[in-house]
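K.L.:
Supplied in structure tokens, the structure appears directly below.
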There are 2 protein chains.
Amino acid sequence: MSFSITILGSSGALPAYNRFPSSQFLTIQNRHFLIDCGEGSQMQLMRFNLPYHKINHIFISHLHGDHYLGLMGLLFSLQLQRRTNDLHLYSHRGLDEIITLQLKHARSALNFNLIFHEIDSSPSQIIFEDDVLSVETIPLRHKIPCVGFLIKEKSKPRKINKEKLPKNISLQQIASLKLGHEIRDENGNVLFTNKQLTLPPKKSWSYAYCSDTAPDQSILSIIKKVDVLYHESTFMESEKEKALETLHSTARQAAAQAKAASVGKLLIGHFSARYRDLEPLLVEAQSVFQNTSLAIEGETIDLDE
Amino acid sequence: MSFSITILGSSGALPAYNRFPSSQFLTIQNRHFLIDCGEGSQMQLMRFNLPYHKINHIFISHLHGDHYLGLMGLLFSLQLQRRTNDLHLYSHRGLDEIITLQLKHARSALNFNLIFHEIDSSPSQIIFEDDVLSVETIPLRHKIPCVGFLIKEKSKPRKINKEKLPKNISLQQIASLKLGHEIRDENGNVLFTNKQLTLPPKKSWSYAYCSDTAPDQSILSIIKKVDVLYHESTFMESEKEKALETLHSTARQAAAQAKAASVGKLLIGHFSARYRDLEPLLVEAQSVFQNTSLAIEGETIDLDE
């Protein structure tokens, strides 16, 4: 029942100091997702021994190269490894055309279904949902249409209190208890209340990924109280003008967003190539929002209780 | 006056064990070239501290992803770094269209001229030439149109024998001596023969790059006696059938080509992901052609005398 986020790339548009462009691998209750897929993502997935062939959904925030140029290589590799499962791709219009053209010139066709889901930048909408989680878009403010992603676990089943459980209870009744129902007799009378036999469910986690954006108050209502917020921090406050001009954020601005949205933890990334040492960005962010970490490639944030 | 080849990627189509897809950086008499540009080439160029912003000519052997998917990222990075010099790109038709489409969806335009030179696969032809070297194509046998590249230095200037040089000789006369001419008086009579005042020029080097190909006797006349032959060795002889089916070569076949063409040195690469340890491929090749090396990323073959 884990919820984990592994950083594959933490670099801004220009890779530097062995930092790779944006990409993150998520594992949520045995489902595997890729968020953005910058150049070299497949090498990072392999390097960190992640089960990339189990990824069934890939979310691309926008069509700047540093957020998707690793996708074609990953698709070719999955093809070489004889993938047959469907793969769902969520992106703004255009990526489908780019993939089709590259396949054409390679005189190749994928031997699995690549199912393209077109993203509209605004308003926020749910683009994926199953029985345990949902993914919705976060409209961002950048030079081209761009969205972040909010991933939320749904309520988890209540935990059975084994010490209190009567012996003659059926598997069907256990399933019913997990969903929060009471145990009744054939006439509908309550034999045991749910509270008598169960404990509260595990926490449902939430994660917001804000890839490339100027700080934007209008997203606060969407990211409010998420457990972890990844917010780009391309620059430091000393380059505030540059951030404004390029529609990126400073570390301080990212931290101010985290604070205003009362998130649990802030993760900063998308670092400009001008910063070899990232510690000053961390210090700047922490001066506004203490529970901040740097996105470090290969590191996993594990939200399991 | 150096001639050096730096390996950026030695992997076959599926990257593995931190080996990157095909790419090589060449420096020849202060000219800088890129041959193939697999995913991650820009990161490798940066990692090995190579002056990638000085590359003016990029040669792409064919449009399988592992040979060009790093190009778009490199172009975006050069753009970010405010390149203004022309960049020449040599490739089969299609790559121009792929680049244009990706720029369109990024709503971006390059601020330097990208000059596209379309390659025909056959017959062999000179595609680049200046006063010190030429690049010609080597038609290869692969699943899609594919060429290798033969890079040949032209004859170098004769060296002035300073011990023998008369004192009153002009700069113009020195330039003339370097080109192999005699020194004559105003009536055209020889005062000094060229041999009296000069020594033989430095060696002119040649390099043949054969990216993806089944072994093909028809290229022997083109690669004959090159100083260094890079020939793909995707498989070992034990996978000969697989090599035949995919139009790749085994280490033994690459070595047989080297031997038949009487080359100086063989470099093997484009290793399948099935080989973690490359030593057996080297041993197999060396059993046929002793002067063989593995293409190791970050290593430079320097042909300077």
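The values are calculated or read from the model by the stated rules, or taken from the named source; none is laboratory data. All values reported here derive from a predicted model rather than from experimental measurement. Because the Cβ atoms are built from the backbone with ideal geometry, glycine has one as well, and the counts that use them run over all protein chains shown.
Rundown of residues vs (1) aliphatic (A, V, I, L, M); (2) facing chain B (nearest Cβ under 9 Å), yes/no style:
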residue	(1), (2)
A:Gly73	no, yes
A:Phe76	no, yes
A:Thr84	no, no
A:His92	no, yes
A:Leu95	yes, yes
A:Phe116	no, no
A:Ser121	no, no
A:Gln125	no, no
A:Glu129	no, no
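K.L.:
To continue, here is another question. Restricting the stretch B:238-291 to residues that are part of a loop (DSSP other than H, G, I, E, B) and either free of Cβ contacts under 8 Å to residues at least 12 places away in the same chain or charged (D, E, K, R) (or both), which is nearest to B:Ile222 (Cα to Cα)?
P.N.:
The selected residue is B:Gln290.
K.L.:
Still on this structure, please answer the following. Give the stretch B:219-234 a look and list any residue that's outside any helix (DSSP H, G or I) and either farther than 14 Å from B:His142 by Cβ or under 16 Å from the mean Cα position of the chain (by Cα) (or both), or say none.
P.N.:
B:Lys224, B:Lys225, B:Val226, B:Asp227, B:Val228, B:Leu229, B:Tyr230, B:His231, B:Glu232, B:Ser233
K.L.:
Specify which of the listed residues (B:Leu110, B:Leu150, B:Leu165, B:Leu140) is within 14 Å of chain A (Cβ to nearest Cβ) and of a type in the set (A, V, I, L, M).
P.N.:
Step by step, each of B:Leu110, B:Leu150, B:Leu165, B:Leu140 is checked, and only B:Leu110 is within 14 Å of chain A (Cβ to nearest Cβ) and of a type in the set (A, V, I, L, M).
K.L.:
Consider the stretch A:101-134. How many of its residues are buried (at least 20 other Cβ atoms within 10 Å of the Cβ) and either of a type in the set (D, E, K, R) or within 30 Å of A:Leu244 (Cβ to Cβ) (or both)?
P.N.:
1
Matching residues to (1) among the charged types (D, E, K, R); (2) closer than 25 Å to A:Asp120 by Cα; (3) out of contact with any helix residue (DSSP H, G or I) (no Cβ under 8 Å at 6 or more places or on another chain):
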site: A:Asn161; (1), (2), (3): no, no, no
site: A:Asn168; (1), (2), (3): no, no, yes
site: A:Gln173; (1), (2), (3): no, no, yes
site: A:Gly180; (1), (2), (3): no, no, no
site: A:Lys195; (1), (2), (3): yes, no, yes
site: A:Leu199; (1), (2), (3): no, no, yes
site: A:Ser204; (1), (2), (3): no, no, yes
site: A:Ala208; (1), (2), (3): no, yes, no
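K.L.:
Further question on the same structure: Criterion first (under 24 Å from A:Glu153 (Cα atoms) and either in contact with an Asp or Glu (Cβ under 7 Å, 6 or more places away or on another chain) or outside the structural domain of A:Gln29 (by TED's automatic domain parsing) (or both)) does A:Ala175 satisfy it?
P.N.:
Judged against the criteria, A:Ala175 is a match.
K.L.:
Here's a follow-up. From (1) charged (D, E, K, R); (2) at pLDDT 95 or above; (3) closer than 30 Å to B:Lys162 by Cβ; (4) surrounded by fewer than 15 Cβ atoms within 10 Å (Cβ to Cβ), pick out the condition that doesn't hold for B:Asp227.
P.N.:
(4) is the only condition that B:Asp227 fails.
K.L.:
Would you say B:Leu69 is in a helix (DSSP H, G or I), modelled with pLDDT of 95 or more, touching a strand residue (DSSP E or B) at 6+ places or on another chain (Cβ under 9 Å) and closer than 22 Å to A:Ser22 by Cβ?
P.N.:
It is false that B:Leu69 is in a helix (DSSP H, G or I), modelled with pLDDT of 95 or more, touching a strand residue (DSSP E or B) at 6+ places or on another chain (Cβ under 9 Å) and closer than 22 Å to A:Ser22 by Cβ.
K.L.:
How many residues are buried (at least 22 other Cβ atoms within 10 Å of the Cβ) and either assigned to a loop (DSSP other than H, G, I, E, B) or of a type in the set (Lys, Arg) (or both) when one looks only at the stretch A:197-214?
P.N.:
Residues flagged as buried (at least 22 other Cβ atoms within 10 Å of the Cβ) and either assigned to a loop (DSSP other than H, G, I, E, B) or of a type in the set (Lys, Arg) (or both) within the stretch A:197-214 amount to 4.
K.L.:
How about the stretch B:274-292: which of its residues are closer than 24 Å to B:Pro15 by Cβ and either modelled with pLDDT under 95 or crowded, with 18+ Cβ neighbours inside 10 Å (or both)?
P.N.:
B:Tyr275, B:Leu278, B:Leu281, B:Glu284, B:Ala285, B:Thr292 - these are the residues of the stretch B:274-292 that are closer than 24 Å to B:Pro15 by Cβ and either modelled with pLDDT under 95 or crowded, with 18+ Cβ neighbours inside 10 Å (or both).
K.L.:
Among the numbered criteria (1) within 18 Å of the chain's Cα centre (by Cα); (2) more than 9 Å from every other protein chain (Cβ to nearest Cβ), which one does A:Leu63 miss?
P.N.:
(2)
The rows are residues; the columns are (1) surrounded by 14 or more Cβ atoms within 10 Å (Cβ to Cβ); (2) under 30 Å from A:Arg107 (Cβ atoms).
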position: B:Lys143; (1), (2): yes, yes
position: B:Pro157; (1), (2): yes, no
position: B:Asn168; (1), (2): no, no
position: B:Gly180; (1), (2): no, no
position: B:Asn187; (1), (2): no, no
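K.L.:
Continuing with the same structure: Looking at (1) in contact with a helix residue (DSSP H, G or I) (Cβ under 8 Å, 6 or more places away or on another chain); (2) of a type outside the set (Phe, Trp, Tyr); (3) surrounded by fewer than 16 Cβ atoms within 10 Å (Cβ to Cβ), which one does B:Leu71 not meet, given that it meets all the others?
P.N.:
Of the numbered conditions (1) in contact with a helix residue (DSSP H, G or I) (Cβ under 8 Å, 6 or more places away or on another chain); (2) of a type outside the set (Phe, Trp, Tyr); (3) surrounded by fewer than 16 Cβ atoms within 10 Å (Cβ to Cβ), the odd one out for B:Leu71 is (3).
K.L.:
Check off (1) at the interface with chain B (Cβ under 8 Å from one of its Cβ atoms); (2) crowded, with 23+ Cβ neighbours inside 10 Å; (3) not polar (S, T, N, Q) for A:Met46 and give me the number that stays unchecked.
P.N.:
Checking A:Met46 against (1) at the interface with chain B (Cβ under 8 Å from one of its Cβ atoms); (2) crowded, with 23+ Cβ neighbours inside 10 Å; (3) not polar (S, T, N, Q), the one that fails is (2).
K.L.:
Evaluate the following for B:Gln172: is it more than 30 Å from B:Tyr68 (Cα to Cα) and out of contact with any His (no Cβ under 7 Å at 6 or more places or on another chain)?
P.N.:
yes
K.L.:
Pick from the stretch A:11-32 the residues that are within 14 Å of another protein chain (Cβ to nearest Cβ) and of a type in the set (Phe, Trp, Tyr): which of them is nearest to the chain's Cα centre (by Cα)?
P.N.:
Among those residues, the one meeting the criterion is A:Phe20.
K.L.:
I'd like the residue in the stretch A:49-60 that is surrounded by fewer than 17 Cβ atoms within 10 Å (Cβ to Cβ) and assigned to a loop (DSSP other than H, G, I, E, B) and, out of all such residues, is farthest from the other protein chains (Cβ to nearest Cβ).
P.N.:
The residue in question is A:Pro51.
K.L.:
Give me a count of the residues in the stretch B:210-257 that are hydroxyl-bearing (Ser, Thr, Tyr), touching an Asp or Glu at 6+ places or on another chain (Cβ under 9 Å) and within 18 Å of B:Ser124 (Cβ to Cβ).
P.N.:
Summing the residues that are hydroxyl-bearing (Ser, Thr, Tyr), touching an Asp or Glu at 6+ places or on another chain (Cβ under 9 Å) and within 18 Å of B:Ser124 (Cβ to Cβ) in the stretch B:210-257 gives 2.
K.L.:
While we're looking at this one, here's another question. Select from the stretch A:8-45 the residues that are over 29 Å from A:Asp130 (Cβ atoms), touching a strand residue (DSSP E or B) at 6+ places or on another chain (Cβ under 7 Å) and not in a loop (DSSP other than H, G, I, E, B) and list them in ascending order.
P.N.:
A:Ser11, A:Arg19
K.L.:
Filter the strands (runs of 3 or more DSSP E) completely within the stretch A:93-196 down to those with at least 2 residues that are within 17 Å of the chain's Cα centre (by Cα).
P.N.:
Filter on the stretch A:93-196 gives A:126-129, A:133-139, A:147-153.
K.L.:
A further question follows. Looking only at the stretch A:217-248, how many residues end up being of a type in the set (Asp, Glu) and touching a strand residue (DSSP E or B) at 6+ places or on another chain (Cβ under 8 Å)?
P.N.:
4
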